[in-house]
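K.L.:
Dumping the structure here so I can ask a few things about it.
The values are calculated or read from the model by the stated rules, or taken from the named source; none is laboratory data. No experiment lies behind these values; they were computed from the predicted model shown. Ideal geometry is used to build each Cβ from the backbone, glycine not excepted, and the neighbour counts take in all protein chains shown.
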Amino acid sequence: MVQEDSYFGFIISKKCAPLSGSAVIPGDKSISHRAIMFGALAIGETAIGGLLEGEDVFCTAAAMRAMGAKVENCGKGLWRVNGVGIGGLHEPNQVLDMGNSGTSTRLLMGLVGGHDISVTFTGDASLVKRPMCRVMKPLEMMGARFLGRSNGRLPLTVHGAKDLLAIEYRLPIASAQVKSAIMLAGLNAAGRTTIIEDCPTRDHSENMLRHFGAQVTVDDIGNGMRTISLCGYQELRGREVVIPRDPSSAAFAIVAALINDGSEITLPRIGINETRVGLYTTLKEMGANIEFVNERIEGGEKVADILVKAERVLNGIDVPEYRVPSMIDEFPILAIAASCAQGTTKMTGLKELRLKESDRLLMMAKGLTACGVSLEMGDDYLIINGNGKAPVGGAHIKTALDHRIAMSFLVLGSVSDEPIEIDDGAPIKTSFPNFIELMNGLGCKITGKLGVNDNE
Ligand code: S3P
């Protein structure tokens, strides 16, 4: 049974009235990391607007500073980066603590791999469990060397190579992090680096490298496959970068609106890059009224204002597997929508979910079961049987240092009969530091504080 008031660390979400109004979602996490990294590799100054000021991005900023770049905050979302040029990174004096951030770690492993320096990475209790072999393998083929714990886990030292060699590499898993790590290494490798992906993954590295003046070739080679290639020793030039607002963060407000009948909200300037909007397509197939208006390109990325109206109960559907990479971070919040939908929602091809900030398949299955949802979980699938009504709720949810598990259950608490409490809100600060204020501004009833952690 959930208590009436939250105490430190615990956060409670209670049933609320329909959501309404407009909200400014924070900047895109993937694009924010890349803006700092590419700015740090460029010659000259990069001015960044709308950067996500969340802990994961702060880890990237601190790492780039430790390796010689100047990264400064000039006030609300405005940042300035003075780069060292490709090949110009220094060896840091200390171990780099990447906190909870897999994206920072994996991309920086690629970046360091192409420099003649050695860098040791570590992270929090979640990050030290995550596999890094997927990045080590191609980087070893290029000439970098690694010393880590078993199965390539952190703490891990990268010994970069002075003369990195370009490779051609077919990604064994659909991963934008692995693709980007190879591209970052390829920037300082002799020859042309080519990556083959069987299924398109987010292409922010490709878009931003072009924005910084590099030549990156992307070819569709049939059956949804793509090759991405770039030559080493190109020069990046400092640029202005405007970061779109994060479609993965917007997803929490959108689902909260859709499951609260009568809601109507607007989220301006959300990134709608087609490699990121799989959840929105899926929700529309479930019957959601989600509209993109004022579609435009800003800083090489497509954005739109998103209007959401909750007019009907959603229907369960089968989510096609080819869509998984374009909504890889959105399965926890889709599972919440599916729990309130009428009928069965089948989500398959989800092996990668077990390797995220937590084992997301397991954490969602356990939490939803505790909230009274009927479901079936397998190695790589989740089937949720909705009855068109909000679940009972009334559970205390373990979040295992996973921001998206935490936010998903707080969204469910906005409709469940009984309040839902989460054990730890601190990880939400990695990607969505104003989550509680923003959601409450739209009408949610979430109480508690995100808490402190070791980085503060
Ligand atoms: C990311 C890629 C995805 C995603 C992560 C961010 C990125 O990871 O889950 O949150 O910024 O490149 P994978 O590449 O491991 O699928």
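K.L.:
Exactly one of (1) in a helix (DSSP H, G or I); (2) over 25 Å from E321 (Cα atoms); (3) assigned by TED's automatic domain parsing to the domain that holds L139 is unmet by E235. Its number?
P.N.:
(1)
K.L.:
Let me confirm something: among R202, R226, which residue is assigned to a strand (DSSP E or B), within 15 Å of the ligand (Cβ to nearest atom) and of a type outside the set (A, V, I, L, M)?
P.N.:
Going through R202, R226 in turn, the sole match is R226.
K.L.:
Another question, if that's okay. Go through (1) over 21 Å from the mean Cα position of the chain (by Cα); (2) surrounded by fewer than 24 Cβ atoms within 10 Å (Cβ to Cβ); (3) not in a loop (DSSP other than H, G, I, E, B) one by one and return the number of the condition V313 breaks.
P.N.:
Of the numbered conditions (1) over 21 Å from the mean Cα position of the chain (by Cα); (2) surrounded by fewer than 24 Cβ atoms within 10 Å (Cβ to Cβ); (3) not in a loop (DSSP other than H, G, I, E, B), the odd one out for V313 is (3).
K.L.:
If you check every pair at least six apart or on different chains, which have Cβ atoms under 6 Å apart with a residue in the stretch 398-418 that is at positive phi first and a residue that is at pLDDT 95 or above and not hydrophobic (A, V, I, L, M, F, W, C) second?
P.N.:
Between residues of the stretch 398-418 that are at positive phi and residues that are at pLDDT 95 or above and not hydrophobic (A, V, I, L, M, F, W, C), the close pairs are A400/S358; L401/S126; L401/P427.
K.L.:
Name the single residue that is nearest to the chain's Cα centre (by Cα) among those in the stretch 152-178 being within 16 Å of the ligand (Cβ to nearest atom), over 18 Å from T60 (Cα atoms) and of a type outside the set (G, A, S).
P.N.:
The qualifying residue nearest to the chain's Cα centre (by Cα) is I173.
K.L.:
While we're on this one: Of all the residues that make up the stretch 38-93, how many are surrounded by fewer than 21 Cβ atoms within 10 Å (Cβ to Cβ) and in contact with a helix residue (DSSP H, G or I) (Cβ under 6 Å, 6 or more places away or on another chain)?
P.N.:
Adding up the residues that qualify gives 1.
K.L.:
Sticking with this one: Of V112, V135, which residue is buried (at least 21 other Cβ atoms within 10 Å of the Cβ), within 16 Å of the ligand (Cβ to nearest atom) and not aromatic (F, W, Y)?
P.N.:
The conditions single out V135.
K.L.:
In the stretch 245-276, which residues are within 16 Å of the ligand (Cβ to nearest atom), buried (at least 24 other Cβ atoms within 10 Å of the Cβ) and assigned to a loop (DSSP other than H, G, I, E, B)?
P.N.:
Answer for the stretch 245-276, where residues must be within 16 Å of the ligand (Cβ to nearest atom), buried (at least 24 other Cβ atoms within 10 Å of the Cβ) and assigned to a loop (DSSP other than H, G, I, E, B): D246, R276.
K.L.:
Ok, one more. So which strands (runs of 3 or more DSSP E) stay within the stretch 146-199 end to end and still have 3 or more residues that are of a type in the set (S, T, N, Q) and outside the structural domain of T122 (by TED's automatic domain parsing)? Spell out the reasoning first.
P.N.:
Numbers: elements: 153-159, 168-170, 192-197.
Those strands (runs of 3 or more DSSP E) do not exist here; none qualify.
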